[in-house]
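Novice: Let me begin by handing over the structure; questions about it come next.
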Amino acid sequence: MNRRHILAGLAAAPVSLAAPGLIRRANAQSVLDVASVYSLSGTFANVGAALNDGSKWAFEQYGTAGGHKLNYLLLDDRGDAAEAVRKVQDAMTQRSVRHVIGCTNSAIGLAVQREVFNRKGVYVNEAGADEITGKDCNKSSFRWPVASYSAVNATVRPLIEQFPKAKRWYTITGQYVFGDSLLTNCKEIFKEKGIEHVGNSYHSLSDREYSGYIANALSANPDVLAICNFGNQTVDVVRQAISYGMKRNTKILAVWSTGLDQFQALGPDNCDGVYFGANFWHGIDTPGGRRVAEIVKAKTGDVPNYLHACGYAVAQVLIEGINKANSTDVPAIIQALEGLSYEGPTGTETIRAEDHQVIKDYYLMRGKAKSAMKDKNDLIDIVAATKAFLPPEKTGCRMPATL
């Protein structure tokens, strides 16, 4: 495939892409190209598509940033980190793009953040692995969702406190960067709290059948099953665990869920009594949340899910940084973002300067009985909302002073 064909697939917005360069002139207004990196095919294509929708809708809502018309360039990485890097290289080399958002999984996020840093751009992403704002942090990269550490500490700790006699935990883990990051943090809490980790089953990225792993979990007779994976695989493990009867005698916790879309896929009968962690819930009433809800309602006729909100959020962070800097200059945007507070989807959110992590709540939720639901989307109750972040000096981040 030649470069002409590669670049032809970049654009999702109606603005003409004929003229290369960071800033172009169109109808007497300069145009800023921003690349978004999402998986529209592969294992997590449903996740990438919804994230992409949220980001596109944010661009439509803002329209401009720093006085420049925004042009949205979609890079479909097909679920492959190497493909993501190649497409980012093409956009940054051939189009002089310096502003990048988005990723569908942590492996892609880590690869893209290194590439953007090496090419002196700015990048806002949705990755969950601790390394993003930990040992692999860099000056270019900012993260909106919480880290794995935060997700685990905001779900596992409250559940241990609520059920102090539940001493036996089993984990089912995705054998990829993000799953391992969740598992590592679970193990640290188990050790601290005297929890017996009675076993772990790894599954691959391609697995769809989990009966063998669930049989292993059942044989260990755990009090709690903690699921440490992502996307449709979370739904599949929860559904199959319930079908094998685990919900009768075992608490089930999906440490990281994508919220409403997964709850709808499971249905109220399966969700009832199951615990979930999530970065966003449409029922939390905040100014930023209401703004996202209005946009999604206009587009879909329904309430926003986490993926819509997360896609919106990474675009919002970049645009707010450009507006505060009143410039497209990357160092100026980075400086503007460090320490910035703004009204995000979960309320007032703040970007920590030391590691470029957005400080926000993570939610522990419990599925409610169908008889208690007020409407078709009222599937859970919030058990806890927690800002559970490592101090900057303990994240492993050694932030460079400059690009």
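Novice: With respect to residue 295, determine if the residue is assigned to a loop (DSSP other than H, G, I, E, B) and either touching a residue at least 12 places away in the same chain (Cβ under 8 Å) or surrounded by fewer than 22 Cβ atoms within 10 Å (Cβ to Cβ) (or both).
Specialist: Details: assigned to a loop (DSSP other than H, G, I, E, B): no; either touching a residue at least 12 places away in the same chain (Cβ under 8 Å) or surrounded by fewer than 22 Cβ atoms within 10 Å (Cβ to Cβ) (or both): yes.
For residue 295, the condition - assigned to a loop (DSSP other than H, G, I, E, B) and either touching a residue at least 12 places away in the same chain (Cβ under 8 Å) or surrounded by fewer than 22 Cβ atoms within 10 Å (Cβ to Cβ) (or both) - is not met.
Novice: Within the stretch 146-265, which strands (runs of 3 or more DSSP E) (wholly inside it) include 2 or more residues that are of a type in the set (Phe, Trp, Tyr)? It would help to see each step written out before you state the result.
Specialist: Numbers: elements: 168-174, 196-203, 224-228, 251-254.
Answer list for the stretch 146-265: 168-174.
Novice: Hey, among 300, 348, which residue is under 23 Å from residue 256 (Cα atoms), among the hydroxyl-bearing types (Ser, Thr, Tyr), modelled with pLDDT of 95 or more and surrounded by fewer than 17 Cβ atoms within 10 Å (Cβ to Cβ)? Before the answer, list the steps.
Specialist: Values: 300 fails: under 23 Å from residue 256 (Cα atoms).
Just a single option satisfies the conditions, and that option is 348.
Novice: May I ask you to list the residues in the stretch 346-396 that are in contact with a Phe, Trp or Tyr (Cβ under 8 Å, 6 or more places away or on another chain) and of a type in the set (Asp, Glu)?
Specialist: The answer is 349, and nothing else.
Novice: Examine the stretch 273-285 for a residue that is within 20 Å of the chain's Cα centre (by Cα) and free of Cβ contacts under 8 Å to residues at least 12 places away in the same chain, and state whether such a residue exists.
Specialist: Initially, the stretch 273-285 is screened for residues within 20 Å of the chain's Cα centre (by Cα), giving 275-284.
Remaining after also requiring free of Cβ contacts under 8 Å to residues at least 12 places away in the same chain: none.
Scanning the stretch 273-285, I find no residue that is within 20 Å of the chain's Cα centre (by Cα) and free of Cβ contacts under 8 Å to residues at least 12 places away in the same chain, so the answer is no.
Novice: On the given criteria, is residue 182 of a type in the set (A, V, I, L, M, F, W, C), more than 22 Å from residue 399 (Cβ to Cβ) and crowded, with 20+ Cβ neighbours inside 10 Å? It would help to see each step written out before you state the result.
Specialist: Numbers: of a type in the set (A, V, I, L, M, F, W, C): yes; more than 22 Å from residue 399 (Cβ to Cβ): yes; crowded, with 20+ Cβ neighbours inside 10 Å: yes.
It is true that residue 182 is of a type in the set (A, V, I, L, M, F, W, C), more than 22 Å from residue 399 (Cβ to Cβ) and crowded, with 20+ Cβ neighbours inside 10 Å.
Novice: Which residues, taken from the stretch 197-234, are crowded, with 21+ Cβ neighbours inside 10 Å and of a type in the set (A, V, I, L, M, F, W, C)?
Specialist: Correct list: 214, 217, 224, 225, 226, 227, 228, 230.
Novice: Then there is this: Does residue 367 meet the test of being touching a Pro at 6+ places or on another chain (Cβ under 9 Å) and not hydrophobic (A, V, I, L, M, F, W, C)? Explain how you work it out, then say what you get.
Specialist: Numbers: touching a Pro at 6+ places or on another chain (Cβ under 9 Å): yes; not hydrophobic (A, V, I, L, M, F, W, C): yes.
Considered against the rule, which asks whether it is touching a Pro at 6+ places or on another chain (Cβ under 9 Å) and not hydrophobic (A, V, I, L, M, F, W, C), residue 367 comes out as yes.
Novice: Let me ask you something else. Restricting attention to the stretch 82-119, which residues are surrounded by fewer than 22 Cβ atoms within 10 Å (Cβ to Cβ) and not charged (D, E, K, R)?
Specialist: Residues satisfying the conditions are 82, 85, 89, 92, 93, 94, 96, 107, 110, 111, 117, 118.
Novice: Looking at the stretch 141-174, which of its residues are small (Gly, Ala, Ser) and over 19 Å from the mean Cα position of the chain (by Cα)? Step through it out loud before you land on a result.
Specialist: We begin by selecting, within the stretch 141-174, every residue small (Gly, Ala, Ser); these are 141, 147-148, 150-151, 154, 166, 174.
Scanning the stretch 141-174 gives a single hit, 166.
Novice: Another question about this same structure. So how many residues does the stretch 313-335 have that are touching a residue at least 24 places away in the same chain (Cβ under 8 Å) and either charged (D, E, K, R) or part of a helix (DSSP H, G or I) (or both)? It would help to see each step written out before you state the result.
Specialist: To start, the set of residues in the stretch 313-335 that are touching a residue at least 24 places away in the same chain (Cβ under 8 Å) comprises 313-319, 321-323, 325-328, 330-331, 333-334.
From what is left, the residues that are either charged (D, E, K, R) or part of a helix (DSSP H, G or I) (or both) are 313-319, 321-323, 325, 330-331, 333-334.
Residues meeting the conditions: 15.
Novice: If you don't mind, another one. Answer with yes or no whether residue 51 is buried (at least 17 other Cβ atoms within 10 Å of the Cβ), modelled with pLDDT of 95 or more and in a strand (DSSP E or B).
Specialist: Considered against the rule, which asks whether it is buried (at least 17 other Cβ atoms within 10 Å of the Cβ), modelled with pLDDT of 95 or more and in a strand (DSSP E or B), residue 51 comes out as no.
The values are calculated or read from the model by the stated rules, or taken from the named source; none is laboratory data. Remember, predicted model here, so these are calculated numbers, not experimental data. Positions of Cβ are generated from backbone atoms using ideal geometry, with glycine treated the same way; all protein chains shown enter the neighbour counts.
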